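Shown next, in structure tokens, is the structure this report addresses.
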Amino acid sequence: MKPLRIVIAPELRDLAGPAVNWIWRQCLAAIGYPWQEVGIEDPCDIAYVVNRSQAAHAKIGIVATPARWRDPARYRLSSITAGEAPLFMRFIGETCNAPLVRTENGGWWLPRDVIFDLFWWVTGQEEQHWPKDIHSFYTAPRFWLKQRILEQAPASAIIASLAMLLKHAGLGDPLPRWPQGKRAAAAITHDVDYPEVVRWLEPLRIISRQHWHGVNPAWEVLSGQRDYWTFSQWMAFEEHYGVRSAFYFVARQGSLLEYAFGTPDPFYNIAAPQFRALFRRLIEGGWEVGMHASYMAYASHERFAAEKQRLEHAAGAPVFGNRHHYWHVSPVQPEETLQLHAKIGLLYDTSLTHDHHLGWRRGINAPFYPYAPHAQREIGTLQLPVAWMDAQLAQRSDLTQQQREAIVCDLVDRAAVQQGLFVANVHDYVFDEVLYPGWLATLRAALERIVARGDFWVATPITIARHWSDRYQQLLTLSSGLWEGR
């Protein structure tokens, strides 16, 4: 495979070289092209420059905006009011489908800095200005939600548009994104938060949710006729669709007292015999056992590493993947937590998701290696973006069950259109549809859409992460330039 020849303007190299290089690596790797960085006067396939004269020898020229690269955090959109929503939507459209200009030498000139737009989305520049609650969950502006911005995966739309442009420019076929000739990928995951029901407490929670409809189910839980140890049911359900999922377990045992005082870790003990037997059964059956880092794990490298070691000891197998309980990464700088993932030896993480808002938090539905802004380096643990968590739809009383299922199927279709990854997060305790009406049905709708389409590669997150990591290394081996430094 012949690498694409790429030029980066010296002004950009001096201003924000590591960040520019990183986003180009993620972009070209997602599309599937290796690269070769060449000099500003050399013939090239792509020129990322500050004026058209620097792209005279390029097949594709993209204008850069140095002022935005100088201080990305100052570039904001959340101040836009509902009355200015059409302007905002025009920005989204231009970002994802930037206008092209034909050049005199038969090439193409892109007069919008879509590379900065891509950097802006994937590094979460906008969300840093949003309000947060006690768990550090962000609240997006109202019309972001009304326009369903995150569900459109704008960063992936940019990448898809660039991929079409590269193909149109006759630059050859890229490395396929997914195995088996599939267009997209999907993974089902479960946060194991409440596998062992608290018999005296749970009936109160059921009645709180279901009111008088919950009286009978509450009695059945109190009397031991129903519980949340539903792993066999999950396995049978997934086998019906030919799926193997990941179950993420918390290694730190919490308590009701800690929960009441703001540390909401689950109450189970992974060292107990029933969990050790469960781990063996899951692993032998092809399911993945992953880590659900405790609520405060991000605050201590030693604590985080100890939790991973404890889970590996109980499971009798190495742990490669993680998701933080309550999505609780550093509330000040999430990338500081992402750096810890690499330090403790995780291959992938899947924690960059909004708790209340479905869709892709960083606007991208492809796996990517995040950027550490202070270290100005790529983080070596892969991020698998989550599209949807069960509660985001199930707890919305303004939607019918049919509408919930339609929304999650739209996310599946969006991932397919953009050749991305659809990751669903459905909690372990919601399998019983008497106790949680409609929660399993929404996942069923998503799986049936995936199976009916036939163009998804469905695998465990660790299998997907290994594929993407191997593919990325293959492209890096074929490439030169766009290195970590200036």
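The values are calculated or read from the model by the stated rules, or taken from the named source; none is laboratory data. Fair warning: this is a prediction, and the values are worked out from it, not measured in the lab. Heads up, the Cβs are rebuilt from the backbone with ideal geometry, glycines too, and the neighbour counts pull from every protein chain shown.
Brief remarks on what is shown
- The residue that is farthest from Tyr348 (Cα to Cα), among those in the range 237-261 that are aromatic (Phe, Trp, Tyr) and either outside any helix (DSSP H, G or I) or touching a residue at least 40 places away in the same chain (Cβ under 8 Å) (or both), is Phe261.
- Qualifying residue in the range 248-256 (condition: at pLDDT below 95, on the phi < 0 side of the Ramachandran plot, assigned by TED's automatic domain parsing to the domain that holds Ile206 and among the hydrophobic types (A, V, I, L, M, F, W, C)): yes
- Residues of the range 149-207 that turn out to be at pLDDT below 95, part of a helix (DSSP H, G or I) and among the acidic types (Asp, Glu), as a count: 1
- Considering (1) without any contact (Cβ under 8 Å) to a residue 60 or more places away in the chain; (2) among the polar types (S, T, N, Q); (3) under 29 Å from Phe456 (Cβ atoms), the lone condition that Gln128 does not fulfil carries the number (3).
- Once the range 453-486 is narrowed to residues that are in a loop (DSSP other than H, G, I, E, B), surrounded by fewer than 17 Cβ atoms within 10 Å (Cβ to Cβ) and of a type outside the set (Lys, Arg), the residue that is modelled with the lowest pLDDT is Gly485.
Yes/no matrix, rows are residues, columns are (1) on the phi > 0 side of the Ramachandran plot; (2) modelled with pLDDT under 95; (3) aliphatic (A, V, I, L, M):
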| residue | (1), (2), (3) |
| --- | --- |
| Ile6 | no, no, yes |
| Gln36 | no, no, no |
| Glu41 | no, yes, no |
| Asp45 | no, no, no |
| Gln54 | no, yes, no |
| Arg74 | no, yes, no |
| Leu77 | no, yes, yes |
| Glu94 | no, yes, no |
| Gly106 | yes, yes, no |
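- Verdict on Tyr326 being at positive phi and either assigned by TED's automatic domain parsing to the domain that holds Thr353 or at pLDDT below 95 (or both): yes
- Condition met for Met164 (over 30 Å from Ile46 (Cα atoms) and of a type outside the set (Asp, Glu)): no
- Verdict on Pro264 being over 23 Å from Met389 (Cβ atoms), surrounded by fewer than 19 Cβ atoms within 10 Å (Cβ to Cβ) and touching a residue at least 60 places away in the same chain (Cβ under 8 Å): no
- Selected residue (criterion: nearest to the chain's Cα centre (by Cα)) from residues of the range 242-259 that are crowded, with 17+ Cβ neighbours inside 10 Å and under 14 Å from Tyr295 (Cα atoms): Tyr248
- Filtering the range 340-355 to residues that are of a type in the set (S, T, N, Q) and touching a Ser or Thr at 6+ places or on another chain (Cβ under 8 Å) leaves Thr350, Ser351.
- Check on Glu312, under 23 Å from Ser469 (Cβ atoms), in the same structural domain as Arg244 (by TED's automatic domain parsing), under 20 Å from the mean Cα position of the chain (by Cα) and part of a helix (DSSP H, G or I): no
- Lone qualifier among Arg362, Arg323 - being under 15 Å from the mean Cα position of the chain (by Cα), part of a loop (DSSP other than H, G, I, E, B), crowded, with 21+ Cβ neighbours inside 10 Å and not hydroxyl-bearing (Ser, Thr, Tyr): Arg362
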